[in-house]
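Reading through the structure tokens given below for one structure.
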Amino acid sequence: MTAFRSITPRLGAVGVAAMACLLAFHAPAIAADTPPSLVARQDLPLHGKTILFTTPRNYAGKLGGLLIEHGARPVWMPTIVIEPMRDYAEFDRALTERDRYDWFAFTSRNGIEAFFSRLEALGLVAADFAGVKFAAIGNDARALEAGGIELAHVDFGGGIGIAYQEEPVVDIETYAAAILQATGKRSQSLWFEPGRYIVGEAGILVARVLTLKENEGKRFAVIDAAMNDLLRPALYDAWQRVSEVHQRDGARLSYDIVGPVCETGDFLAKGRSMCLAEGDLVAIHDAGAYGFVMSSNYNSRNRPAEVMVAGSDAQCVRERESIDDQLRLEHKFKR
């Protein structure tokens with residue numbers, strides 16, 4: 001397989017507050033008085049943290065599962081189903097036993113309103129929660145602040161896209177000016193997660209044309225990269241720019257660029273006007289984000305090497321996988 005990627009270093013700046021609040025969920029409730037008995041790796045970012053979170057029921061399981069994956073002990077508090085709940089006994093108990101929790105995370109305004117309402121009913125004030133960290137999304141953080149919860153930072157997350165197909169490009173100075181205008185003079189630090197903006201356009205997946213074929217009037221260019229190498233097109237019909245590495249003279253024809261995996265969803269691009277021959281190299285652009293991190297060994301395919309290019313210097317920063325690499329962690333069952 002000749003596919004490889006040119007990349008810049010991958011960045012990951014996910015604040016704990018954003019992780020506790022911005023992820024969504026689904027599954028059985030975890031009772032407040034029975035936190036799960038879990039043993040998590042100590043290097044996980046939320047190792048040993050008990051996080052009480054409020055979210056609609058249909059999201060609770062998925063969010064709780066993600067928190068567990070990061071080492072936390074999540075406790076779901078259903079302060080809202082369709083309308084605000086009438087019985088806050090479990091929530092009241094959590095508030096009075098607040099020292100058990102490291103974080104209170106709110107995914108909606110309803111949870112925050114319930115929190116302050118129950119504080120008043122129980123004769124508590126925000127200062128009683130000095131040992132607990134709080135997290136909320138967007139303007140909901142203002143509601144926490146208005147209630148006396150001091151904010152340590154404001155996390156704006158990501159969302160700064162790139163131009164895959166002539167989309168408007170965000171002007172970073174205009175973006176920064178809008179953020180400053182909206183936030184005013186704040187003492188808190190502002191957090192951003194511009195991973196795709198930084199690395200998305202820096203990555204290219206290079207593949208070789210294995211064969212050209214035609215079926216019922218449609219032309220296909222089968223390459224040696226596949227959906228396991230770049231999943232975005234197959235997963236959600238994402239558009240990726242494709243070009244010939246070496247231009248050749250000849251007629252340009254419309255091709256679907258597909259992989260050799262026996263799946264109807266194994267495609268990288270559809271209906272691209274290209275002049276190709278077997279053995280040619282093609283470049284699939286803008287693969288620096290959501291590319292290698294979403295790749296897999298599906299169909300026992302080895303993932304390609306990664307090559308970093310800086311000016312005229314090119315270095316292999318991750319070797320091509322082998323079947324031995326895939327099997328290294330497997331062991332025979334011993335009777």
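The values are calculated or read from the model by the stated rules, or taken from the named source; none is laboratory data. These figures come from a predicted structure and were not determined experimentally. Glycine also receives a Cβ, built like all others from the backbone with ideal geometry; neighbour counts cover every protein chain displayed.
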Okay, helices (runs of 4 or more DSSP H) sitting entirely in the range 1-114 with 1 or more residues that are modelled with pLDDT of 75 or more, I get 57-69, 89-96
Checked the range 126-162 for anything among the hydrophobic types (A, V, I, L, M, F, W, C) and free of Cβ contacts under 8 Å to residues at least 24 places away in the same chain; matches are Ala126, Ala127, Ala130, Ala141, Ala146, Ile149
In the set Ile223, Ile204, Ile162, Ile198, the lone residue that is touching an Asp or Glu at 6+ places or on another chain (Cβ under 7 Å), closer than 30 Å to Arg320 by Cβ and among the β-branched types (Val, Ile, Thr) is Ile162
Item to check | Residue in the range 199-222 that is within 17 Å of Gly288 (Cβ to Cβ), in contact with a His (Cβ under 7 Å, 6 or more places away or on another chain) and β-branched (Val, Ile, Thr) present | outcome: yes
The correct count of residues that are under 31 Å from the mean Cα position of the chain (by Cα) and surrounded by fewer than 20 Cβ atoms within 10 Å (Cβ to Cβ) in the range 207-221 is 1
Considering every residue within the range 76-94, establish whether at least one is of a type outside the set (Ser, Thr, Tyr), touching a strand residue (DSSP E or B) at 6+ places or on another chain (Cβ under 8 Å) and closer than 21 Å to Leu151 by Cα.
no
Condition set assigned to a loop (DSSP other than H, G, I, E, B) and touching a strand residue (DSSP E or B) at 6+ places or on another chain (Cβ under 7 Å), scope the range 115-141, selection modelled with the highest pLDDT: answer is Val132
Restricted to the range 162-206 and to residues being closer than 21 Å to Leu231 by Cβ and of a type in the set (Gly, Ala, Ser), the residue surrounded by the fewest Cβ atoms within 10 Å (Cβ to Cβ) is Ala163
